[in-house]
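To start, the structure under review is shown below, and the notes come after it.
The values are calculated or read from the model by the stated rules, or taken from the named source; none is laboratory data. The model shown is predicted, which means the values in this text are computed figures rather than measured ones. Please note: Cβ atoms are built from the backbone with ideal geometry, for glycine as well, and neighbour counts cover all protein chains shown. We work out accessible area using only protein heavy atoms, side chains counted, and drop any ligands, DNA or RNA first. Shrake-Rupley method; radii C 1.70, N 1.55, O 1.52, S 1.80 Å.
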Amino acid sequence: MVDRGRRIVAAALLVVAIVTLSSVAYYLLGGGQWEMMDCVYMTLVTLSTVGFTEVLPVRDVPGAQLFTMVLLVAGIGAVAYFLSAVTAFIVEGDLQEIIGRRRMERRIARISGHTIVVGIGRTGEYAATQFVKGGHPVVLIDRDEERIRTFLAQLGEDVPYIVGDGTKELTLRQAGIERAQGIVCATDSDQSNLYAVLTARQLRPELRIVSRAADIGAVDKLRLVGADAVVAPAEIGGIRLFAEMVRPEATTFLETLLSDHGRGVHVQSVVITKESPLAGQTLAEANLR
């Protein structure tokens, strides 16, 4: 995209240079007897090959006809190059976008058991990073493609994504919500998160939905429309600040257990069925070690 843009700029500058220099050349060939506007008009008529009558009497000025012929050949080539650059920018750009979008759709269609992250702001970036580093499949959704590309470049990972509105049913279906194991609504707007939670719950009643709440007052509303869990960064941040001041050792220990980096120690839940030999036993009786 950048190379095509530079090619258009270069072609446009070439055409402008030819028009400017040719207009000045006509003015000098005429010895000042021709108006500059007429010289510019003569140049444009020659380059466009529209076939109008010559504005300037080039036959009466030595060298003017020869210059017009040279301008006709060189100028048409420059104009043709400019038009081809513009056409390539439009056609190739649209074609690459279509091919890229279809390739991404096929890639997402092969994913299952993934988590959808709606909103790649500060919170969404942190959440997506944890999923990627933890080896969990994830699909990103954001309206701003440049924001997604910048994040993935910083992350250094190739993660599938959808450019669109995560509150819309079509966008969530494109992200494979039918096959997803959960969705994280992490936009900067509580209203957008509210709509995203509501839409996701309607599409998948059994889906696990976790949402961000910028305002503490939105927590109950998000739970009411279907969020299984709501995280308020302001509240969590305040609790963390208190814990770091009062009991820093315990906080460090819990962070090690909950994060996907550090000492490689993780805490996860395991469901023990009734048929399991561990059912009904205490930890001491189970002797899990």
**Prompt:** Which residues, taken from the range 221-256, are open to solvent by less than 90 Å² (accessible area, probe 1.4 Å), without any contact (Cβ under 8 Å) to a residue 24 or more places away in the chain and within 14 Å of Leu198 (Cα to Cα)?
**Reply:** Asp228, Ala229, Val230
**Prompt:** In the range 113-136, which residues are within 15 Å of the chain's Cα centre (by Cα) and either surrounded by 24 or more Cβ atoms within 10 Å (Cβ to Cβ) or in a loop (DSSP other than H, G, I, E, B) (or both)?
**Reply:** Val117, Val118, Gly119, Ile120, Gly121, Gly124, Ala128
**Request:** For the range 161-220, enumerate the residues that are surrounded by 21 or more Cβ atoms within 10 Å (Cβ to Cβ), assigned to a loop (DSSP other than H, G, I, E, B) and among the polar types (S, T, N, Q).
**Result:** Thr167, Thr187
**Asked** Based on what the data block shows, is Tyr41 among the hydroxyl-bearing types (Ser, Thr, Tyr) and modelled with pLDDT of 85 or more?
**Response** no
